[in-house]
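Notes to accompany the following structure.
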Amino acid sequence: MVATSDKTPAKGTIGSGNRKPGESTSQAWLKEDSVPIVEFRDVTKRFGDFTAVDNVSLKVYPGEFFALLGPSGCGKSTLLRMLAGFETPTSGTILLDGKDIASTPPNLRPVNMMFQSYALFPHLTVAQNIAFGLKRAGMQKGAVEERTREMLRLVKMEQFSGRKPHQMSGGQRQRVALARSLARNPKLLLLDEPLGALDAKLRESTQFELVNIQEKLGTTFIIVTHDQEEAMTVATRIGVMNHGVLAQVDTPADIYENPKSRFVADFIGDVNLIAAKVGGARKVDGEDCIHFTVDGYKQDFVARSAEPLAKGTEAYLAIRPEKITISKSKDTQAANQIEGTVDDIAYVGNLSTYHVRLANGSVIKAQEANRRRISNRQITWEDKVWLSWTAGGGLLLAN
Amino acid sequence: MRRFTWFNATSLTFGFAFLYLPILLLIIYSFNESKLVTVWGGFSTKWYGELMRNEAMLDAAWVTLRVAFFSASLAAVLGTMAALVLVRAGRFKGRTLFSGMVYAPLVMPEVITGLSLLLLFISLNLDRGMLTVTLAHTTFSMCYVAVVVSSRLVTFDRSLEEAALDLGASPLDAFFSVTLPIIAPAVVAGWLLAFTLSLDDLVIASFNTGPGATTLPIKIYSAVRLGVSPEINALSTILIAVVSLGVIVASLADKRLAKSRGNQAQ
Amino acid sequence: MSGKWRMLTLIGAPYLWLLLFFLAPFVIVLKIALSDTAISIPPYTPQFDLSGGWPAISDFFSNLDFENFKWLIDDSLYINSYISSLTIAFFSTLLALLVGFPFAYAMARAPDNWRPLLLMLVILPFWTSFLIRVYSWIGILKTEGLLNQLLMWLGIIDQPLIIMNTNTAVYIGIVYSYLPFMILPIYSTLEKMDESLLEAAIDLGCNRISAFWLVTVPLALPGIIAGCFLVFIPAVGEFVIPDLLGGTQTLMIGKTLWKEFFSNRDWPVASAVAIVLLLLLVVPILIFQRLLERQQEAEAR
């Protein structure tokens with residue numbers, strides 16, 4: 001970890017996840033004059049007393065791979081199902097290509113959905129499943145066959161066209177479901193936890209394939225997932241949802257580096273949250289920072305802040321374990337240092353996570369890449385250690 | 001949360017009206033003062049009193065209950081064994097014949113079962129009476145028990161039995177201390193089914209009964225052939241009440257049992 | 001007791017029971033069907049007698065013939081009974097399907113907390129006496145019965161309808177008695193159906209009606225077939241319903257067999273009738289059993 005060069009770039013300039021910057025979507029969300037393909041305007045959905053979606057406004061632009069991320073029951077699937085037409089909003093409007101779609105029944109919307117259970121028709125073969133939507137569209141027989149073959153080729157399932165769904169593995173079913181939902185060439189593809197049923201290894205390779213197919217076709221994808229790694233891998237932008245509210249909409253890198261709330265910081269990746277008391281503003285290397293104190297320590301700490309915080313406010317320092325350096329001696333160069341005792345070491349091969357107990361009893365996790373073999377490790381249980389991090393490494397979040 | 005659509009609510013209403021209205025009318029008219037069953041003559045319970053004084057009816061009821069009890073109990077044992085064979089015995093010579101013999105009586109027309117059993121009893125020189133009716137009932141109701149119990153056995157987690165064996169139980173011990181208690185609700189359900197089937201049977205009993213072993217359905221049948229009578233309505237009402245009560249209590253007990261088991265599992 | 005003996009006892013007891021009380025009787029029925037009527041006890045000849053030794057046995061076999069079956073073909077009563085039984089069973093099955101399907105569909109689409117109650121309400125009549133349920137219709141259908149009283153009171157008719165003692169009454173009785181057998185298998189296939197399949201069909205451009213025909217019905221087909229067999233097979237051999245609700249002109253083979261046995265005391269002919277009935281039903285029964293097995297295999301997968 002090179003402490004001094006760890007500066008936060010200006011917001012929005014980081015390429016998203018695994019995409020080359022600027023590719024396919026040209027970061028349309030940054031431009032004033034971009035026309036969204038989907039727009040939610042103050043959309044609320046209630047089921048009886050339960051508010052599933054609470055006054056959500058959101059714009060998704062053509063060619064985007066947008067991920068709705070959140071814990072189960074946060075309302076992300078409801079948002080998707082309103083777009084597909086299976087639920088109607090209690091209030092608010094949904095625009096597709098600038099037109100209100102409230103009165104359009106689901107079968108007439110230029111939107112297709114890939115279901116969590118895949119919903120492949122068990123009585124039809126793979127080819128018949130893919131052709132199902134094409135026939136409904138009134139396509140000629142020859143054209144249906146042609147398009148079906150094309151879709152089978154796209155998902156590399158040509159040799160399985162005569163199989164029934166129960167004769168295939170989970171991964172193969174997932175491909176057929178994808179082909180079926182793309183066959184009608186929708187303006188918008190909705191994916192409801194599309195990889196939830198696959199095992200970890202297969203899921204990873206499928207994520208990249210999804211991205212490739214999306215880039216090849218240029219169709220706008222909206223994916224619902226509870227798996228933050230999946231969202232980070234596939235999405236151009238992520239909308240993090242909690243209790244029916246959109247907590248933050250940003251690129252994967254911004255969501256990770258600049259979370260706007262405790263919930264987002266905690267939900268995405270591993271994070272230390274340390275209670276802090278705000279001191280005041282301070283410039284570090286020309287950047288606006290805030291200094292603060294931590295209970296049990298006399299010295300001052302410094303970090304960035306998502307918003308201005310008044311002196312004396314109770315706040316939380318959010319800092320990722322990998323941004324903390326652990327050493328046996330004090331690093332006088334670092335902007336922040338704190339002393340503690342090693343409580344536990346979790347060794348996972350490539351990484352070790354040190355659980356360090358502070359004087360005030362709270363525990364901070366610090367992560368180190370294991371560049372040396374484990375037998376050469378210098379730090380062990382009950383050692384007194386110094387943790388250090390840069391001013392830009394941590395982020396102060398209001399309580 | 002799903003709600004009833006207008007169409008679904010309508011079809012359910014009409015369906016249940018069709019299923020229950022005849023029975024309901026039958027019960028209502030059992031409290032009819034008039035001898036003419038279909039003309040309302042005011043409320044009365046006199047037909048129930050009449051029924052209680054009808055010795056022949058009471059005798060028939062007593063015969064029927066005994067036959068039902070013995071045949072259901074025998075059927076529960078044989079049916080459970082048959083279920084174990086079907087689910088556990090694997091492949092053996094004559095398995096196809098065996099499963100055929102278990103399933104066929106379920107769809108066999110009663111007239112055929114009744115006639116064939118009668119001819120068997122005659123060639124065995126067995127006098128027709130309670131014994132022959134009981135044997136006949138046992139034969140067809142054991143197949144129902146086998147179906148009910150085997151559907152439970154299929155989902156039975158065999159590692160429970162293996163655990164018992166691992167802890168030192170003999171196979172017989174394991175069966176009686178682990179398997180049987182777990183499949184007991186299915187065996188009880190099978191017994192109840194066998195009991196009501198026997199209580200209900202007219203055709204097979206008619207073929208196989210003899211003097212002194214007239215069952216209630218035979219009695220009802222001969223009365224019904226002469227037309228509707230309020231006394232039969234009263235008798236029917238009692239039978240319906242008893243059976244419905246039994247089924248409702250059994251299903252509630254089963255629900256409670258399932259619930260408490262579910263809690264333990266958590 | 002060793003494992004092998006335990007297994008042998010377990011298999012042996014129900015096996016022997018069924019051989020003796022289920023299979024053996026059929027052999028006897030077949031034998032008597034080939035015998036002749038006689039005024040004796042039991043009323044048929046020849047009687048099987050082992051004490052006579054080999055000549056008696058061979059004599060016994062030479063006396064068996066197909067005369068009773070020839071009789072069944074010659075007398076139109078039997079042929080008509082068979083045909084009429086199959087027709088009545090077929091149309092009652094169709095009617096039961098028409099009534100049962102919407103009912104099962106509505107049950108499967110009912111709110112979750114309602115379904116156990118609805119299921120119990122469908123099963124409950126099955127537990128109450130068949131005879132009583134058939135009997136309950138007599139008071140409704142007869143000429144001065146409740147249905148006619150109601151219709152005349154409403155002014156829909158001014159002459160009572162003659163329903164009782166006709167085939168119409170038999171249809172009503174069969175549909176009523178066997179409706180739960182139609183509803184339950186259809187319900188269980190519909191209930192298992194993943195609702196997202198319907199959403200997928202609609203998502204792919206179906207309207208509600210085409211989604212119903214293209215997805216719901218094909219997926220419910222195993223239940224529909226099972227239900228139809230469960231109604232059809234017992235309806236063919238039905239005795240109580242045609243006897244109590246049908247008239248003298250209502251011919252059904254179960255009733256004919258009963259008459260032959262109890263009224264005419266012609267046991268050989270009754271046995272021959274039973275054998276033919278069994279042969280008629282063997283094909284549907286075997287098909288049904290195959291379907292059940294295939295379904296179980298599919299579920300095991």
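Data for the structure
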{"item": "Any hit, segment C:281-293, residues being touching a residue at least 60 places away in the same chain (Cβ under 8 Å), among the aliphatic types (A, V, I, L, M) and surrounded by fewer than 20 Cβ atoms within 10 Å (Cβ to Cβ)", "result": "yes"}
{"item": "Pairs, first under 16 Å from A:ALA398 (Cα atoms) in segment A:253-266, second part of a helix (DSSP H, G or I), C-beta under 8 Å, six or more apart", "result": "A:PRO259/A:ALA265; A:VAL264/A:ILE255"}
{"item": "Verdict on B:THR96 being more than 9 Å from chain C (Cβ to nearest Cβ), within 23 Å of the chain's Cα centre (by Cα) and either more than 15 Å from C:ALA274 (Cβ to Cβ) or among the hydroxyl-bearing types (Ser, Thr, Tyr) (or both)", "result": "no"}
{"item": "Selected residue [facing another protein chain (nearest Cβ under 8 Å) and of a type outside the set (Phe, Trp, Tyr)] from B:LEU245, B:LEU216, B:LEU239", "result": "B:LEU239"}
{"item": "Residue in segment A:163-175 that is in contact (Cβ under 8 Å) with a residue 12 or more places away in the chain and hydroxyl-bearing (Ser, Thr, Tyr) present", "result": "no"}
{"item": "Residue among A:LEU217, A:LEU195, A:LEU202 that alone is closer than 26 Å to A:MET139 by Cβ and of a type outside the set (Ser, Thr, Tyr)", "result": "A:LEU217"}
{"item": "Selection status of A:LEU134, within 12 Å of chain C (Cβ to nearest Cβ), in a helix (DSSP H, G or I) and buried (at least 17 other Cβ atoms within 10 Å of the Cβ)", "result": "yes"}
{"item": "Within segment A:300-319, tally of residues that are in a loop (DSSP other than H, G, I, E, B) and either among the hydroxyl-bearing types (Ser, Thr, Tyr) or in contact with a His (Cβ under 8 Å, 6 or more places away or on another chain) (or both)", "result": "2"}
{"item": "Every pair of residues 6+ apart whose Cβ atoms lie under 9 Å, when the first sits in segment C:209-220 and is within 13 Å of C:PHE101 (Cα to Cα) and at the interface with another protein chain (Cβ under 7 Å from one of its Cβ atoms) while the second is small (Gly, Ala, Ser) and surrounded by fewer than 19 Cβ atoms within 10 Å (Cβ to Cβ)", "result": "none"}
{"item": "Test: residue in segment C:200-211 that is out of contact with any Pro (no Cβ under 9 Å at 6 or more places or on another chain), surrounded by fewer than 21 Cβ atoms within 10 Å (Cβ to Cβ) and not in a helix (DSSP H, G or I)", "result": "no"}
{"item": "Inter-residue pairs, beta-carbon under 9 Å, first assigned to a strand (DSSP E or B) and in segment A:183-194, second crowded, with 24+ Cβ neighbours inside 10 Å and of a type in the set (Asp, Glu), 6+ apart", "result": "A:LEU190/C:ASP203"}
{"item": "Per-region count, segment B:80-93, residues at the interface with chain C (Cβ under 8 Å from one of its Cβ atoms) and either closer than 9 Å to B:ALA146 by Cα or not β-branched (Val, Ile, Thr) (or both)", "result": "5"}
{"item": "Every residue from segment B:89-133 that is under 21 Å from C:PHE261 (Cβ atoms) and hydroxyl-bearing (Ser, Thr, Tyr)", "result": "B:THR113, B:SER116, B:SER123, B:THR132"}
{"item": "Filter pass, C:PRO185 being more than 14 Å from chain A (Cβ to nearest Cβ), within 28 Å of B:PRO22 (Cα to Cα) and either in contact with a His (Cβ under 9 Å, 6 or more places away or on another chain) or crowded, with 22+ Cβ neighbours inside 10 Å (or both)", "result": "yes"}
{"item": "Hey, B:ALA146 surrounded by 24 or more Cβ atoms within 10 Å (Cβ to Cβ) and in contact (Cβ under 8 Å) with a residue 12 or more places away in the chain or not", "result": "yes"}
{"item": "Residues satisfying the stated conditions in segment A:375-392, i.e. in a helix (DSSP H, G or I) and either aliphatic (A, V, I, L, M) or modelled with pLDDT of 90 or more (or both)", "result": "none"}
{"item": "Some residue of segment A:79-87 being in a loop (DSSP other than H, G, I, E, B), more than 19 Å from C:SER196 (Cβ to Cβ) and at pLDDT 90 or above", "result": "no"}
{"item": "Some residue of segment C:157-175 being under 25 Å from the mean Cα position of the chain (by Cα), closer than 30 Å to C:VAL215 by Cβ, within 13 Å of chain B (Cβ to nearest Cβ) and surrounded by 15 or more Cβ atoms within 10 Å (Cβ to Cβ)", "result": "yes"}
{"item": "Residue among A:GLU339, A:GLU322, A:GLU382, A:GLU368 that alone is among the acidic types (Asp, Glu), loosely packed, with under 12 Cβ neighbours inside 10 Å, touching a strand residue (DSSP E or B) at 6+ places or on another chain (Cβ under 7 Å) and in the same structural domain as A:GLN299 (by TED's automatic domain parsing)", "result": "A:GLU382"}
{"item": "Residue that is nearest to B:ALA146 (Cα to Cα) [pool: residues in segment B:197-213 that are surrounded by 21 or more Cβ atoms within 10 Å (Cβ to Cβ) and not aliphatic (A, V, I, L, M)]", "result": "B:SER198"}
{"item": "Residue that is farthest from the other protein chains (Cβ to nearest Cβ) [pool: residues in segment B:99-125 that are β-branched (Val, Ile, Thr) and over 23 Å from C:LEU86 (Cβ atoms)]", "result": "B:VAL102"}
{"item": "Matching entry among B:VAL77, B:VAL37, B:VAL63, B:VAL67 (being aliphatic (A, V, I, L, M) and either over 22 Å from the mean Cα position of the chain (by Cα) or modelled with pLDDT under 90 (or both))", "result": "B:VAL37"}
{"item": "Test: residue in segment B:82-102 that is surrounded by fewer than 24 Cβ atoms within 10 Å (Cβ to Cβ) and on the phi > 0 side of the Ramachandran plot", "result": "yes"}
{"item": "Qualifying positions in segment A:259-288 - buried (at least 20 other Cβ atoms within 10 Å of the Cβ) and either touching a Ser or Thr at 6+ places or on another chain (Cβ under 7 Å) or among the small types (Gly, Ala, Ser) (or both)", "result": "A:ALA265, A:ILE274, A:ALA276, A:VAL278"}
{"item": "In segment C:95-129, residue surrounded by the fewest Cβ atoms within 10 Å (Cβ to Cβ) [restricted to those that are of a type in the set (D, E, K, R) and at the interface with chain B (Cβ under 9 Å from one of its Cβ atoms)]", "result": "C:ASP112"}
{"item": "Filter pass, C:GLY223 being among the small types (Gly, Ala, Ser), facing chain B (nearest Cβ under 8 Å) and either within 16 Å of the chain's Cα centre (by Cα) or crowded, with 22+ Cβ neighbours inside 10 Å (or both)", "result": "no"}
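Conditions tested, residue by residue: (1) of a type in the set (D, E, K, R); (2) closer than 14 Å to A:LEU134 by Cβ; (3) in the same structural domain as A:GLY70 (by TED's automatic domain parsing).
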position	(1), (2), (3)
A:MET151	no, yes, no
A:GLN159	no, no, no
A:ARG180	yes, yes, no
A:ALA197	no, no, yes
A:ALA200	no, no, yes
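The values are calculated or read from the model by the stated rules, or taken from the named source; none is laboratory data. Worth saying up front: this structure is predicted, and the values here are computed from it rather than measured. Note that each Cβ is placed from the backbone with ideal geometry, even for glycine, and that neighbours are counted across all protein chains shown.
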